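Enquirer: Shown below is the structure under consideration.
The values are calculated or read from the model by the stated rules, or taken from the named source; none is laboratory data. Nothing here was measured: the structure is a model prediction, and the numbers come from that model. Quick reminder, even Gly has a Cβ in these numbers, built from the backbone with ideal geometry, and neighbours come from all protein chains shown. The protein model used for the area step is the full one, side chains on, heavy atoms only, and it has no ligands, DNA or RNA in it. Shrake-Rupley method; radii C 1.70, N 1.55, O 1.52, S 1.80 Å.
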Amino acid sequence: MDPGDSYRSTPSILLFADSAAGFAEQERTIHQLDGRIAMSGPIDTALARIDEACDIGTVVVDASVDVPELDRLFDRLEAAAREGRFRSVLTISPDLIDLAARFCPHPHVDTLCRDGGADGVAALAVALAGARRIPQRAAEDGPMRLKQLSEEVGRIARTLAALSENDERMPALRPIRIGDDDGAEPSAAMIRACIRARRMRELYFPADLFADPAWDMLLDLMAARIEGRRVAVSSLCIAGAVPATTGLRWIKTLTDGGLFLRVADPRDGRRIFIELSEAAARGMSGYFRALDRAGLAGV
């Protein structure tokens, strides 16, 4: 194959960042994966440059501070994902989690949090691979570090593929068939005790050994529902006890699966809350009533 043909067949990447460090990190990862950066610049030029581009494979945004342009940019990226025009990758600081969640719920806007772990780099590679398969020669001919990265990308890709295929892989909620359906609702204290017991395991075993963000989030939202408390996306990521990037993926997955609901914050149009769906709340209530009948409520 003519190298020029390979270059032309590689979807173009538009890169925008609000810091030199963020730009350098994203550029390095993109180049490691043989990505083609067709256009780049500061975030405040992103909207105009997206309009100028005629062939976009992926838009990569690295944002660390909140600026007015982000609202319109995130909204544009979400619209493009819904229309199937291109996919986007957002790498954001923890302070921007709620803003990104408000504007970018589509699975083709992949939101990564700069939370100090290596998963962000690997997840960015996976997202870029969604627009164009990572060249095989990158794994075969590159240095050992790049080969290891490619192997890690493959592992994460398989995991994230299972998460993103919600309609096919995520089972529908089963109808609640609890005979004693009029029993007492679980108390917030009971659920909080369950959460504390789960966290205590980390005193004796590695924290990631029992990582179960979906269940941890369900517990937190059930307690909040009983307490009449609202839960922001950033708070729910913390409750999931996993890196924020992983938490954001799970929130999208569970929302698409009908377990979570996105609810607008009436006092802040730039934020949403997450709540349990009615079906999920019934399932949680039935579960705790069943524990109570079995004498396991205090376990």
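Enquirer: Using the Karplus equation 6.51 cos²θ - 1.76 cosθ + 1.60 (θ = phi - 60°), what ³J(HN,Hα) coupling, rounded to whole Hz, does each residue of region 253-260 give in order, writing x for Gly and Pro?
Expert: Once rounded to whole Hz, the list reads 4, 6, 5, 4, x, x, 8, 10.
Enquirer: Kindly rank 94-101, 193-200 from highest to lowest mean number of other beta carbons found within 10 Å of each residue. Could the numbers behind the result be given before it?
Expert: On the way: 94-101: 20.5, 193-200: 13.8.
Result, highest mean first: 94-101, 193-200.
Enquirer: What accessible area per residue comes out for region 26-67, rounded to a whole number of Å², with a 1.4 Å probe? Kindly include the intermediate steps, with their values, before the conclusion.
Expert: Working: 1810 Å² over 42 residues.
Computed with neighbouring chains in place, this is 43 Å² per residue.
Enquirer: Amide H to amide H, which residues 5 or more places from ARG87 or on other chains are under 5 Å from it, using H placed in the peptide plane?
Expert: Result for ARG87 returns VAL59.
Enquirer: Return one whole number: the accessible area per residue of region 223-299 in Å², for a 1.4 Å probe. The partial results should precede the final answer.
Expert: Details: 3600 Å² over 77 residues.
For region 223-299, the per-residue accessible area is 47 Å².
Enquirer: A follow-up question, please. Would you kindly derive the ³J(HN,Hα) couplings of region 264-272 from the backbone phi angles with the Karplus curve 6.51 cos²θ - 1.76 cosθ + 1.60 (θ = phi - 60°), listing them in order in whole Hz, with x for Gly and Pro?
Expert: 5, 7, x, 9, 8, x, 9, 9, 10
Enquirer: For LEU296, what accessible surface area do you get with a 1.4 Å probe? Give it in Å², rounded to 10.
Expert: 80 Å²
Enquirer: If you average 1/r over all unlike Cα pairs in region 198-299 and invert the result, what Kirkwood radius do you get in angstrom?
Expert: This gives a value of 14.6 Å.
Enquirer: Heavy atoms only, probe 1.4 Å: what % of the accessible area of region 222-299 goes to carbon and sulfur, would you let me know? Before the final figure, lay out each step's value.
Expert: Values: 1990 of 3610 Å².
Roughly 55 percent, rounded to a whole number.
Enquirer: From the phi angles alone, apply the Karplus equation (6.51, -1.76, 1.60; θ = phi - 60°) to region 280-290 and give each ³J(HN,Hα) in whole Hz, x where the residue is Gly or Pro.
Expert: 5, 5, 5, x, 5, 4, x, 4, 6, 5, 5
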